[in-house]
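Just so it is clear, none of the values below were taken in a lab; they were calculated from the coordinates. Since the structure is predicted, the reported quantities are computational estimates derived from the model, not experimental observations. Here Cβ is always computed from backbone atoms with ideal geometry, including for glycine, and neighbour counts include all displayed protein chains.
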Amino acid sequence: MDDRQRLLQDWTETLLAAFEIDGTNVDIDAVLGLAGKAAHGVVRPAAPLTTFVAGYAAGLAVGSGQADEQVAMRSAMAVADALCSEAAAGGTAE
């Protein structure tokens, strides 16, 4: 693991601890990949917005009992990913 990956892993662990959700599995590469697709397919500021909304949607799904943590995260990321792809192809992001 290089220095950047270690820093991101440590930062993720710090965030999870601060929000008292230690033990949550975060696929850092998937989150960064989604952010990249949003930044390049929509507009750069869409990256943090997209990842925030996907995370929020996943949290709501888990909190309401609609899905377990892993399914909710995969589903929310897949929806956001598809919308980014559509926007990059010149479609609407709605």
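Computed values, structure above
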| quantity | calculated |
| --- | --- |
| Which of ALA35, THR14, ALA67, positive extreme of dipole for the chain (C-beta unit charges) | ALA35 |
| Total formal charge among the other residues, if their Cβ is under 15 angstrom from that of ALA72, Lys/Arg +1 and Asp/Glu -1 | -3 |
| Average Cα contact separation per residue, the chain, under 8 Å, 6 or more apart, as relative contact order % | 22 |
| For the range 43-88 versus the range 20-40, the gap between their alpha-carbon centres in whole angstrom | 10 |
| Rg(Cα) / (2.2 N^0.38 Å) computed for the chain, rounded to two decimals | 1.13 |
